[in-house]
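The values are calculated or read from the model by the stated rules, or taken from the named source; none is laboratory data. Being a predicted model, the structure only gives us computed values, none of them experimental. Don't worry about glycine lacking a Cβ; one is built from the backbone with ideal geometry, like all the others, and counts go over all protein chains shown. Heads up: the accessible areas ignore ligands, DNA and RNA and are worked out on the full protein's heavy atoms, side chains in. Shrake-Rupley method; radii C 1.70, N 1.55, O 1.52, S 1.80 Å.
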Amino acid sequence: MTHDHDLVLRPTAAQTEAALTPPPGRNGGDLVVETLAGLGATTVFGLPGQHALGMFDALRRSDLRYVGLRVENNAGFAADAYGRITGEAAPLLLSTGPGALTSLAALQEAASASAPVLAISSQIPTAGLGGGRHGYLHELPDQAASFRGVVKSVHTVRTQSQIPSAIAEAWRSALTVPHGPVWVEIPQDVLLAETTLPVVTALDASPGALVPRPELTAVAAELLATASRPAIIAGGGVVRADASGKLLALAERLNAPVVTTFGGKGAFPWEHPLSLRSWLEDRHTTDFLEDADVLLVVGSGLGELSSNYHTFAPRGRVIQIEADLGKLESNHPALGIHADARPALQALLETVPERADETAPERVRTLLSRVEERIAVQELTLEQEVLASVRRALPAGSPSFWDMTILAYWAWSAFDPRGANTMHSAQGAGGLGYGFPAALGAAVADPTRPVLAVSGDGGALYSIAELATARQYDLKVTWLIVDDGGYGILREYMTDAFGEATATELTRPDYVALAESFGVPAIRTTPESLETDLAEALAEPGPSVVVLPALLRMFAPTHLD
C-alpha cells in the first residue's frame, strides 16, 4: 500500500548536478530573490539601506523587476495597491530601524484593507538579536515587536537555510484569507555571507480555502428564503474574493436591496434596480437597513464607517459572512459564518430558492430620492459637479486611488466606481498620503490603462517626492490635487466643534511649477474646465498633474442627530 506521505519527488540527474554545483558569487540576498521568484513574484517595491544591501545586490542577478520609491511609507502604499489590483503578495524590501519603522503606517492600511504585502526587512547582525544593545547602527531592542500588532505574522530568520521556508511561510500567510501584510526580517550578516546552498527553485506556498460550514449556510438559506424584507450589506471582502457576480445572482434571486460599504465599492452595480449604492453616512439608509427582517452582511465587520458611526442598530436577524474571525459578531449578534465570501455566496446560491418581491425596486427608488432630497437642501452643487466631472473624465474600468480628503469622502458615498476592484482609498486606517503612491503601484500592476490619484493639498505634501518615481518609471498616473489651502476636513471638524480651526492652514508650493520641475506635465484648472482638463491628462502617456483650487464642503452628518 502506498500512502501520500510516502511519495517523494525524485530529482533528475541534471537537477542533482545543478544543486551540487551552484553558481559562485551568491549570498543570502540571492536566496531571498530566488525564493520570491520561485513563489511566482515578478515585481518588488522598496528602498535600499545599508543593512539590506545584500538583497539589493542580488536583484541585479535576478529577473525580478524592482520599483524603487523615495519614502518607505510610500513604497508600502505602492505595494498595497499592487496587491489589491493583482491579488498577489507584493514584496516590499526595506532596511533596518528607521527604514523599517517608516513603513508602519502603510502596513497598517494594508492590514485594515486586507491587502497582501510581503515586507522583507534587514536586521542588525545576528550577534545583536535579542536586545543585547551592542550599539549597531539602526539597532532596536526588538524590531519585530513594532510590527506584531500591525501585520498578520512575523518571521525572524537567523540562518541562510531558514530563508526559503520563512519567506514561503510568510507568503502563504499573506495570501490566506483574509489577506494582509506580513513581516520577515533577516540579519545583515546572513544576507551578505556567501552561500553554497543550491539555487532555490519552485516552492508551493498555496493557501488553503476558507469554506463555510454547511449547517450554517443551511440555516442562513432558510432565513433568507422566508424573509419578508431581506437586505444585503456588501463589504470589501466581496471585492477581494472576486465574488461580485455571485452577489449579484443572489440579490436578484432574493430580490434583496444591496448597499456597499466604502471598502466594498463596486461589489454591486451602481445603477441596478436593487442598488442602494453607498450612502451609509445617511440616516435614511440606516433606517432602511434597520427595518430589514433578515440582513445579510458579506465581507464586512460593520465597523465605524459601515455603521453610520455605530448608530446602526438592526432589529431583525443578522447573518454575517466574514473571513476575519476577529470581526465575526464583533459589533452585532449574528448567525456568524467564518468563511471567504466567494464559497459562502456559492453555497447560498445552491440552496436559496427564488423569492418574489415586486416592492423592492420601488423601496430602493424611494430611499435614493430621500437621500437626494437631503443633499439638495444643503446647497452643495459645486461638490456634486466636481465629483461628476471626475467620473465623466475617468474611463470606465480605470482604477482610482483616493487620499483622505473631502472629495474622497464624497466619493465614498456618491461615486460610481463602474466595476469591482476599481476604487480604493485609505479608509481602512485613515492615514494621509495614500492616493498618489498607491496609484503608482496600480500603474505598475496594469500599465495598459490610466490610473487616477486624488489628494488634497495637505495629503499631497506627504507624497510629493514620488513625482520623481512617476517620471523615472514613466507611470501612467494622473494626480488630481484639490488645493483648499490646508487640511480642509479638519478645518470643518474644528470649526463645527470649537467655533474656529487651529493648525489647519498650510503654506504650500506652486504645485504646477513643482510638478514641472520633476518633468511631469501639469495644469491648473477650474471646476468648469475640470472634466476637459482631467480627461486630456488621463489620455496622455506617462504621469501628469491637475491642480484644482477649490474650497469644498462636506454634506451634513446624520449620526449626530
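Observations on the structure shown:
- Low-density loop cleavage sites - trypsin sites (Lys or Arg not before Pro) in the stretch 31-66, where at most 10 other Cβ are within 10 Å (DSSP): 60
- Assuming charge only on the beta carbon of Lys and Arg (+1) and of Asp and Glu (-1), the dipole of the chain about its Cα centre is about 820 debye to the nearest 20.
- In the chain, the longest principal axis of the Cα atoms and the axis of helix 488-498 are about 60 degrees apart.
- Accessible area of residue 405 (1.4 Å probe, protein heavy atoms only, ligands and nucleic acids ignored): about 20 Å².
- Surface accessible to a 1.4 Å probe, residue 554 within the full protein complex, Å²: 30 Å²
- Per residue, the solvent-accessible area of the chain (1.4 Å probe, heavy atoms of protein chains only, all protein chains present) comes to 40 Å².
- Taking amide H as placed 1.01 Å from N in the peptide plane, residue 120 has its amide H under 5 Å from the amide H of 92, 93, 94, 184, each at least 5 places away in sequence or on another chain.
- With both residues required to sit in the chain, DSSP beta bridges show an antiparallel share near 5%.
- Applying 1/(1 + (r/R0)^6) with r as the Cβ-Cβ distance of residue 137 and residue 556 and R0 = 45 angstrom yields a FRET efficiency of 0.30.
- Cleavage-rule hits, GluC sites (Glu not before Pro), the stretch 237-342, DSSP coil, Cβ neighbours within 10 Å at most 11: 271
- Across the stretch 326-440, the relative contact order, built from alpha-carbon pairs under 8 Å that are at least six residues apart, equals 20 percent.
- Percent of Cα-Cα distances greater than 27 Å, calculated over the stretch 146-292: 46 percent
- Computed over the chain: relative contact order in percent, which uses C-alpha pairs under 8 Å that are six or more apart: 13 percent
- Cα-based shape type of the stretch 380-498, given that a ≥ b ≥ c are square roots of the gyration tensor eigenvalues and the cut on a/c is 1.5: oblate
- Integer Hz, Karplus 6.51/-1.76/1.60 couplings in order for the stretch 473-484, x for Gly and Pro: 9, 6, 7, 7, 10, 9, 10, 8, 10, 8, 9, 10
- Compared with the dominant Cα axis of the chain, that is its longest principal axis, helix 28-39 is turned about 50°.
- Cα-centre dipole for the stretch 414-496 with unit charges at Cβ (Lys and Arg positive, Asp and Glu negative), debye to 20: 300 debye
- Residue ranking by accessible heavy-atom surface, 1.4 Å probe, largest first, among 286, 196, 366 comes out as 196, 366, 286.
- Quotient of Cα Rg and 2.2 N^0.38 Å for the stretch 78-203, N being how many residues it contains: 1.04
- Of the solvent-accessible surface of the stretch 520-561, computed with a 1.4 Å probe and all protein chains present, 58% belongs to carbon and sulfur.
- Three-way shape call for the stretch 267-353 based on the alpha-carbon gyration tensor, with the a/c threshold at 1.5: oblate
- For residue 277, the residues 5 or more places off, or on other chains, whose built amide H falls under 5 Å of its own are 260.
- Long-range amide H partners of residue 522 with built H, under 5 Å: 545
- Proximal lysines to residue 246, defined as alpha-carbon separation beneath 27 angstrom and excluding residues fewer than eight positions away on the same chain: 265, 327
- Whole-percent carbon and sulfur share, accessible surface of the stretch 254-404, 1.4 Å: 50 percent
- Nearest-0.05 FRET efficiency for residue 493 and residue 528, computed from C-beta distance (R0 41 Å): 0.90
- Here the calculated FRET efficiency for residue 448 and residue 169, from their Cβ-Cβ distance with R0 = 22 Å, stands at 0.05, rounded to the nearest 0.05.
- With helices as the sole contributors, the chain gives -11000 deg cm²/dmol at 222 nm; each DSSP H run of n ≥ 4 counts as -39500 (n - 2.57), and the sum is divided by every residue.
- Residue 559 accessible area, assembled protein chains, probe 1.4 Å, Å²: 50 Å²
- In the chain, the longest principal axis of the Cα atoms and the axis of helix 435-445 are about 60 degrees apart.
- Coil-residue GluC sites (Glu not before Pro) of the stretch 348-389, DSSP, other Cβ within 10 Å capped at 15: 350, 354, 358, 379
- The stretch 154-166 - phi-based ³J(HN,Hα) in whole Hz, Karplus 6.51/-1.76/1.60, Gly and Pro as x: 10, 9, 9, 9, 10, 9, 5, 5, 7, 4, x, 5, 5
- Table column - 3J(HN,Hα) (Hz), the stretch 193-207, Karplus curve with 6.51, -1.76, 1.60, x for Gly and Pro: 5, 4, 10, 10, 5, x, 4, 6, 10, 4, 10, 10, 10, 5, x
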